[in-house]
Every structure is written in C-alpha cells, then in structure tokens.
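The values are calculated or read from the model by the stated rules, or taken from the named source; none is laboratory data. Computed from a predicted model, the values in this text were never measured in an experiment. Quick reminder, even Gly has a Cβ in these numbers, built from the backbone with ideal geometry, and neighbours come from all protein chains shown.
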Amino acid sequence: MTVSARRRAGSRSVRLDRSLEALPLFRLSDSADDGVISYADGAGARWRVIPSPGDRLPGTFDQDVYVELLRRYQEAGEPADGAVNFTLHAFLRGMGRMVDGRTYEQLRGALGRLERTALESTGIYRAAATDSCPDLRFTLLTSVAVERRRGSDREQLQLFSAMATGEPGDARVVLASAVRENLAANHTISISAARYWALGSPVARRLYRLLEVARADGRLAWRVALDQLAEQLPLAQRYPSHLQRVLQPAHDMLVAQGVLRNAAVRQQRREWFVDYVLGSRPV
C-alpha cells in the first residue's frame, strides 16, 4: 500500500487493540476521581486502572485523545518504535476541537495522564503474540514530550490567520509495547473514524468500541448482563432504571449511525440483560 493510500485508509478507519477495548479504561465523565477502576471476569482474572498519586482517572477527553493517537499511529505506518509525532494544533483539529489555550492545556493534561496512569492485568489482558494472558503492568504511553515553539516561530504563525497563535507546540509520544504487539499481530478491532466522531455522547463512543469487540468475536447479536456491561464501559450507576436512562440516548445514537440495528433492555426473573443486534460495517 502506498503512503497516500495508507493515509486515506487511516482517515476512514482506526485499528484498536482488541484486548484493551474489552476492558474499562476511561471514566465516562470528567469529574475529579482519584479512585481505581476495577474489573473482574468471574474466573479470577482481574484488571485495574490506577491513577498516579494526586491525579485523576482518564476521562472523556482522554478517551478521544486515545482514539486520535491510534489513528495517527496507523497513519504513520505503525512505526516499530511506537513513536508518534504531531503538533498540538493539528491534533486538536483532527479531533474536531476548538483550538485555544484551554484545549491546549486539556491535551497536555490528557497526554500526561495516559503516561502516568497504570494499567494492571492479572490474567485478563490477552497478548496475541504468545496467545496468553500474562500478569503485567504498563501505561498506555511510555513517553510523552511536548516542546513549546520558539518565540520566533510563534511570531511567524501570526502571518497565517487560519492558525492559532496561543500555545503552539510539538509533541512526541511513544505507544506501549503491549498495545503495539497486539496491533502488529492483527489482534484488533476496527472502527469508522467518521462514525466515532459523529457520536455526540462519550457513552455512545465507548459502547461503539465495545460492540466492535463483540463483532470481532464473530457475533451479529450480543446478549450481555446489564451489570457486566456497566462494569465494562464503565458506568458509575448501578440500579437498572438509572443505567437504562444513561444507555438509552447512546443506543439511539448508535442506531442512527447504523452501528446497531436494535438494542433492548430486558428483565428475566431477577436478572437484567441488554440484547444488541449489530448493524452493517460502513463501506
């Protein structure tokens, strides 16, 4: 595939680590929370997301930064060293975000959290290269460096009205080897960048990625216990009625985008389930 063809393909779809997408990582709100996300599969395997002391868990903005990082890693040809280079301005534009001093600081904060937040797996994160679930602890980004542009460079930006002049900078980040190895082994899911950014809800964006894990497992329909789904996303709500109120707008968006044909929350005896019928992939 030529470089130009690879870039066109990258703009349409994003490859994500299938093992990571099956596990909770981002809080679906940006309120301060220095707790720990914990998830267990019922067979003794466990996953934890542990923020750095004094920091909060990654949230909704961080989720979008992660997807854009993986898109850019793919667009760069998935370099073996895991390094992705970009300007903060171009990165925010790629996310469809307004470019100003506040969003520059948000982006810097998100990159830092993805470097500092520990991901701890006890027999649950599958490494495709060895077809095993080793115990491991890693961070999504192993290195983050952001350099502010020199003053002379900032002055040059004023010559171009289309570019922001507030806080320009150049970034270089390195993606974790565990994630790179799963991508290289094609242990992945694929999402449509257009569909992802068209979803106006962080819950819908996260649920879209989780539904693609079900598709990658060969399912066209997926039944999942409501409490398990709440843990996998993750959602803080626990009562079925509260979970339904959070999920319904996300379901409507996913149906409108063609990701789902149908979603229904049902009770059987004392158990609650969600039944999903997956839609078609975009051409």
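Against the conditions (1) in contact with a Gly (Cβ under 6 Å, 6 or more places away or on another chain); (2) crowded, with 18+ Cβ neighbours inside 10 Å, where does residue 261 fall short? Just the number, please.
(2)
For residues that are part of a strand (DSSP E or B) and over 18 Å from the mean Cα position of the chain (by Cα), scanning just segment 93-142, find the one that is farthest from residue 183 (Cα to Cα).
Only one residue fits best here, namely 122.
Hey, does segment 57-69 have a residue that's more than 23 Å from residue 201 (Cβ to Cβ), touching a residue at least 40 places away in the same chain (Cβ under 8 Å), in contact with a strand residue (DSSP E or B) (Cβ under 9 Å, 6 or more places away or on another chain) and not hydrophobic (A, V, I, L, M, F, W, C)?
No; the residues of segment 57-69 include none that is more than 23 Å from residue 201 (Cβ to Cβ), touching a residue at least 40 places away in the same chain (Cβ under 8 Å), in contact with a strand residue (DSSP E or B) (Cβ under 9 Å, 6 or more places away or on another chain) and not hydrophobic (A, V, I, L, M, F, W, C).
Looking at this structure, is residue 250 outside any loop (DSSP other than H, G, I, E, B), small (Gly, Ala, Ser), modelled with pLDDT of 95 or more and closer than 24 Å to residue 12 by Cβ?
yes
Within segment 64-87, does at least one residue satisfy the condition of being in contact with a Lys or Arg (Cβ under 7 Å, 6 or more places away or on another chain), within 25 Å of residue 184 (Cβ to Cβ), surrounded by fewer than 22 Cβ atoms within 10 Å (Cβ to Cβ) and of a type in the set (D, E, K, R)?
Yes, that holds for at least one residue.
Identify the single condition in (1) in contact (Cβ under 8 Å) with a residue 60 or more places away in the chain; (2) in contact with a Leu (Cβ under 8 Å, 6 or more places away or on another chain); (3) not acidic (Asp, Glu) that residue 263 does not satisfy, given that it satisfies every other one.
For residue 263, the exception is condition (1).
Scanning segment 200-243 for residues that are over 16 Å from residue 257 (Cβ atoms) and acidic (Asp, Glu), which turns out surrounded by the most Cβ atoms within 10 Å (Cβ to Cβ)?
231
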